Amino acid sequence: MENIMARPFNFRMPREVIFEAGCSALAAEKAAALGAKRPVFITGRSMAKSAALAALLDSAKSAGMTPSHWGEVEPEPPAELLYRAAADIRALGGDCLIALGGGSSMDFAKMAAVLAKYPDMDIAAMVGSERVPARGLPTLMIPTTAGSGSEVSAVAVFSFPEEKTKKGVASGNIVADAALVDPLLTLGLPAHITAAAGMDALVHAVESYLSLGTNPLTRDLALAAIEKIVPNLAACVREPGNVGARTAQAYGSLTAGMAFAMSGTAGVHAMAYPLGGEFHIPHGEANTAMLRWVMEYNLEGCPEKFVPIAKAMKINTTGMSAGEAASASLEAMIALGAECGVKTRLRDFNIPRGACQRMAAAAMKETRLINNNPRKLTEEAVREIYERAW
């Protein structure tokens, strides 16, 4: 039996997380509990036109608040955009940020909250682990996709176009104050967004289970996430109005987010960052593209770690060696991605083969992730993985 105390852990989550159909309607109430009188809703451009946002703005007004909206979050948001958002939030008199959207909007709100309160802080100086010196404005997260887990994580990721890469800020000071996970908000999402977000959640679960930073709680959460995601994601893609499948997927995304919030992610994410930073591949698609190839590499170094993953995927491992069970789990991941229609080759994103070397150099700079991989990654190994993925 495992000695649980051999791997102590620090569990940092929002002070309140509600998982319930329709709970997004509580946004005004929860913002008021955080002291908000002038909340600013943070969204991307498409969500800015949504009925969901309109309803939440009306609800905040009915509660006696003076809400406003900042709706210019870009996919894979450039870090520099945060400064403009922070200045606008100050001009609006915002005293709380409510993110409504996917991972980009939630990540953006977490850091915009810090810069709105402390305009002299430098984003680049906060990249890495625990470099955010203080909490910003109160934040409330309302995810509209089931994938990023950003509503409960201590991480926010941004692109740095001049360096052609993405970088992450990881700090307890950017964990949201509250999160409202409403599976109904994911109904009707386009198939390609559903697939990419769902596979992103699977990557979070698998990497948080395998990573060197894992602990007993993250492993339990990761396996719970896998058990929900694997049998339900394809149904979400095929049937955008399937409430049962959408609810299970949202639960899987949430628990995967809770897992990687503690254990961190690893090689898949490190190698996905250059795809987003240089070639603007959306985060979920980039992670999905690298999943197979990084896991093939990891499998050779630690097949026994994949056995519980195979069992969580409901693979009958009776009579299998660790290597056989690991291979079966990887094949099941690949099959799920294929069923959902995701891309798994770099050439399918029009990434030139000649980019593999410079992407490898960029990925190796993500030391927080590279060093968390269960099998040691060198720049040459990373380049070879990119080559196989091409």
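Taking one quarter of the surface of the C-alpha convex hull of segment 146-269 gives a mean projected area of 7.9 nm².
To the nearest 10 degrees, how steep is helix 379-389 against the longest Cα principal axis of the chain, on a 0 to 90 scale? The angle comes out near 90 degrees. For a straight C-alpha distance cut-off of 20 angstrom, the lysines reachable from residue 311 (same-chain residues fewer than eight places away being disregarded) are 228. Solvent-accessible surface of segment 235-390, averaged per residue with a 1.4 angstrom probe and all protein chains in place: 39 square angstrom. Estimated purely from DSSP H runs of n ≥ 4, each contributing -39500 (n - 2.57), the mean residue ellipticity at 222 nm for the chain is -15500 deg cm²/dmol once divided by its residues. Expressed as a whole percent, the accessible area of the chain that falls on carbon and sulfur atoms is 54 (1.4 Å probe). What value in Å³ per residue do you get for the convex hull of the alpha-carbon atoms in segment 24-139? That works out to 96 Å³ per residue. Within the chain, DSSP assigns beta bridges of which about 20% are antiparallel (rounded to the nearest 5). Across all directions, the average flat footprint of the convex hull enclosing the Cα atoms of segment 6-51 is 5.7 nm².
Which entries in the list 110/167; 49/117; 110/166; 343/376; 166/365; 30/61 go over 20 Å, if you measure between the two C-alpha atoms of each? From 110/167; 49/117; 110/166; 343/376; 166/365; 30/61, over 20 Å: 49/117; 343/376.
Think of segment 87-185 as having a plus end and a minus end, set by charges on the Cβ of Lys, Arg, Asp and Glu; of 146, 170, 118, 170 sits farthest toward the positive end of this dipole.
To the nearest ten degrees, helix 81-92 and the longest principal axis of the Cα atoms of the chain are 20 degrees apart. Surface calculation, 1.4 Å probe, protein heavy atoms: residue 129 sits at approximately 70 Å² accessible. Excluding ligands, DNA and RNA, the accessible surface per residue across segment 76-222 is 28 Å² with a 1.4 Å probe.
For segment 251-390, give the magnitude of the charge dipole about the Cα centre (Cβ charges: +1 Lys/Arg, -1 Asp/Glu; no others), in debye to the nearest 20.
160 debye
Between segment 212-233 and segment 253-282, the alpha-carbon centres lie 15 Å apart. Computed packing ranks the peptides 87-97, 278-288, 229-239 as 278-288, 229-239, 87-97, most packed first, by mean other Cβ atoms within 10 Å. With contacts defined as alpha carbon pairs under 8 Å and 6 or more residues apart, what's the relative contact order of segment 148-296 in percent? Averaging sequence separation for qualifying contacts and normalising by length gives 33 percent for segment 148-296. Contact order for segment 222-267, expressed relative to its length and based on alpha carbon pairs under 8 Å spaced 6+ residues apart, stands at 46 percent.
Centre-to-centre, using Cα atoms only, segment 86-128 and segment 293-361 are separated by 35 Å. Built from the Cα atoms of segment 234-343, the convex hull projects on average onto 7.7 nm², one quarter of its surface area. Translational diffusion of segment 333-390, estimated by Stokes-Einstein from the Kirkwood radius over alpha carbon pairs at 20 °C in a medium of 1.002 mPa s, is 171 µm² per second.
Each peptide among 317-327, 17-27, 347-357, 261-271 gets the average number of other Cβ atoms lying within 10 Å of its residues, and from highest to lowest they stand as 261-271, 17-27, 317-327, 347-357.
The values are calculated or read from the model by the stated rules, or taken from the named source; none is laboratory data. This is a predicted model, so every value here is computed, not measured. When we count neighbours, we look across all protein chains shown, and the Cβ atoms used for this are built from the backbone with ideal geometry, even at glycine. The accessibility values were calculated without ligands, DNA or RNA, using every heavy atom of the protein model including side chains. Shrake-Rupley method; radii C 1.70, N 1.55, O 1.52, S 1.80 Å.
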